[in-house]
Structure formats: C-alpha cells, structure tokens
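A quick write-up on the structure given underneath.
The values are calculated or read from the model by the stated rules, or taken from the named source; none is laboratory data. Since this is a predicted model, take the numbers as computed values, not measurements. All Cβ positions, even for glycine, are placed from backbone atoms using ideal geometry, and neighbour counts span all protein chains on display.
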Amino acid sequence: MVDYNKQIKEFEDELKKTKYNKATQGHVGIVKAKIAQLKEKQESRVQKKTGSSEYGYSVRKSGDGTVLLLGFPSAGKSTLLNKLTGAKSEVAAYAFTTLTVIPGMMDYKQAKIQILDVPGIVSGAASGKGRGKEVLNVILNADLVLMVVDVTHPEHYPAILKEVWDSNIRLNKTKPEVFIKKKAYGGINIGKTVPIEIDDDTIKKIMREFKIVSADVLIRSLVDVDAFIDVIEGNKKYVPAITCVTKMDLTDAAKVDRVKKELNADICISAEQDLNIGLLKELIFEKMDFMRVCLKEPKKDADTEKPLIIKRNSTIEDVCNKLHKDFAKKFKFARVWGKSAKFSGQKLFLKHVLLDKDILEIHLR
C-alpha cells in the first residue's frame, strides 16, 4: 500500500530546503502541486475506508449566522460560550470536557447569532486524530470561525492554522478571481488583469501536474502558488475568522500584549472575569458583515424592534429572496427611507444596494 504520509513528508522536507526565488519558482510550484495531489488521494482513501458518516457532527443551523469556537482542549471555549450566550456547556479544568457540539444563541444588536462549541482539536486533527476530522468539518457550515488560544499556550495557534489549512479551509482569504476554461487543444493561454509574482512558465508547469494541457486562464486577482493550486483543486472553503486570546487574567499585562502581537490576534479576553466580552460581541457582529433593514407595510410604521438581518451590500432583491421565494417575481417597486436613498420614500428597484438601518417598503403586483 502506498504510504502517502511518507511521500508528503519527503516533498515537504524538500520545500524546506529550497530557497524560493525566480530561479526555483517553477520547481516549488511542481512540488506543491504534487503534495496537493497526494493529500487528495489520501483523503479519498480514508473516505472509501470509513464512509462519509464518520465525518461531521450533525448541527442544525439557526439564527442569522453561525460562529464556530475552535481551539485546543481547555482553551476556554466552553466558558466563553456560556458568557456569550448563557448556554450550559460543561466547564472543567481538564482537557476534552466537550464531547459533542454544544450550540448557544447570542442576541446582539437585534441579530441572533448561533455559537457552536466543539471538542478541542489537537495536532494531527486534519488526518483524524482525536476525532479532529469531525470537528473541522463543522467549519464547512459556519459563517465565521472564532479561534480561541490560551494566553499561556501561544504555540497552539500555528498548530490550529496548520490543521485548518490541511482541511481545505482558508481563513480570512477571499476566493481568487481566477477562471480556467479547459479545451481540447491549443495549449495553455494565460491572460492577466493584475501583475502577479508567478511567471507564466510556473503556471503552466503546475497545470500540467494536474493533467491540464490545454486551457484558457484568466487571472483577475493577486495569487501566489498556493492560491493558484487551490483554484485548480476547486475544493476549498473560504471563511472569515477572529483570533481571540483567552485567560488574560492568568498572567501580567506585558505577556498578554506580547502574545497578542506575536499572534497578530484581534482581541484578548477573560471570560471568567468578563473582560472585553462586550468588545468581542461587537467584533463578531462586524466580522459577520451584518446590517439591519427595517421593514414597513404601506401606511404603517416601520418595524424597528425586529429588523431583518442581512449581509452588507445586499440589494432589495436579496431582501425579497430572503423573505419569500416569490417576492422577487411579484416585485413591482419599493420605497426606501435611510442613508441609501436620495430622499425619504424614494421609489427604487431590485438592484438598489441598501445600507444599515434603512427602512424598506416593498410593493408587489
């Protein structure tokens, strides 16, 4: 039986020894492509052997969005969940307390945000260690990942990032605007609208490693070798994330500040002492990219108590689709009060982009 782990490690060791520059760019691209293909074969073997039912806790999504708490055992996730939501997640001062997914609901700025506390991951989680595969697969249905790192164990952070990366999840990255159209003949033709660091020769070598010998490639965003391979594989999940350092009450301010800078963390908190929990809630709301739209019926006051929570830059059409599947079809026009309107009650149509706290009155046929 082929030992994929051994082959992957050999190629990874080769990468460590290779200094990246223009001369070695093509070679590095080929090696990374080989590693990506080996990992895909390894994943396929595991799925055939175990079946898909082993992977993934069953969690029903609810609320306006879902946040996953991700970290090593005893990083303080359960205490944080209880503080954010009032959920009753078991808390103890030893590892592996949480053995299933514990959901809670955080109410903030009239939004209902589902928070999921999952079992702590460990190094090797992406390959199945410590039921880590199941935990990491929950991210596939999350709108935001909240990485929880114990201030006394900052070394856990790069380990978390590696496991997430190996699980085909890309945190705080947007899907590259790269379009590959395969064709029967004609070779590989490359077009770019932005300058990138990868040369055409490297791009062609990578594509040939994936058995793509004829295609039109259009690159419209900045990409490196890793991002380009991600596009070819087409199996990556792009999720926003927050890095949260916990248990800041257990050490001095100088160390907290040092760890925050070292990890480039977004926030430091103590759930036990209720320090910066309000700031974390605001950060979650902002990172979820939410805005509020108040709905209004003709000749009635707007419902400001229960606004509709939608993503920033949503259009009137997006609101219609969220309210009812037939609203967009039956749409006649809308009136808008608020920052996005030139004047109060402006008559607008489906493609109009709304702003936070706009008031929307929809008229149907």
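Examine region 317-330 for a residue that is basic (Lys, Arg) and at pLDDT 95 or above, and state whether such a residue exists.
no
In region 115-129, is there at least one residue being in a strand (DSSP E or B), surrounded by fewer than 22 Cβ atoms within 10 Å (Cβ to Cβ), modelled with pLDDT under 95 and basic (Lys, Arg)?
From region 115-129, those in a strand (DSSP E or B) are 115-117; that's our starting set.
Filter again for surrounded by fewer than 22 Cβ atoms within 10 Å (Cβ to Cβ), leaving none.
Within region 115-129, none of the residues are in a strand (DSSP E or B), surrounded by fewer than 22 Cβ atoms within 10 Å (Cβ to Cβ), modelled with pLDDT under 95 and basic (Lys, Arg).
Give region 139-184 a look and list any residue that's out of contact with any strand residue (DSSP E or B) (no Cβ under 8 Å at 6 or more places or on another chain) and among the acidic types (Asp, Glu), or say none.
Correct list: 155, 163, 166.
Just checking, how many residues over region 160-217 are within 17 Å of the chain's Cα centre (by Cα) and farther than 30 Å from residue 265 by Cα?
Here the count works out to 0.
Name the helices (runs of 4 or more DSSP H) wholly inside region 1-97 in which the number of residues that are surrounded by fewer than 18 Cβ atoms within 10 Å (Cβ to Cβ) and modelled with pLDDT of 70 or more is 3 or more. Steps first, answer last, please.
Working: elements: 4-17, 25-50, 77-85.
Helices (runs of 4 or more DSSP H) meeting the threshold: 4-17, 25-50.
If a residue must be in a loop (DSSP other than H, G, I, E, B) and either outside the structural domain of residue 302 (by TED's automatic domain parsing) or surrounded by 14 or more Cβ atoms within 10 Å (Cβ to Cβ) (or both), how many such residues does region 350-364 contain?
Residues that pass the stated criteria total 6.
What strands (runs of 3 or more DSSP E) completely inside region 245-349 contain at least 1 residues that are in contact (Cβ under 8 Å) with a residue 24 or more places away in the chain, surrounded by 16 or more Cβ atoms within 10 Å (Cβ to Cβ) and within 26 Å of the chain's Cα centre (by Cα)? If you could, list the steps in order and put the result at the bottom.
On the way: elements: 290-295, 308-311, 331-337, 346-348.
Ranges flagged: 290-295, 308-311.
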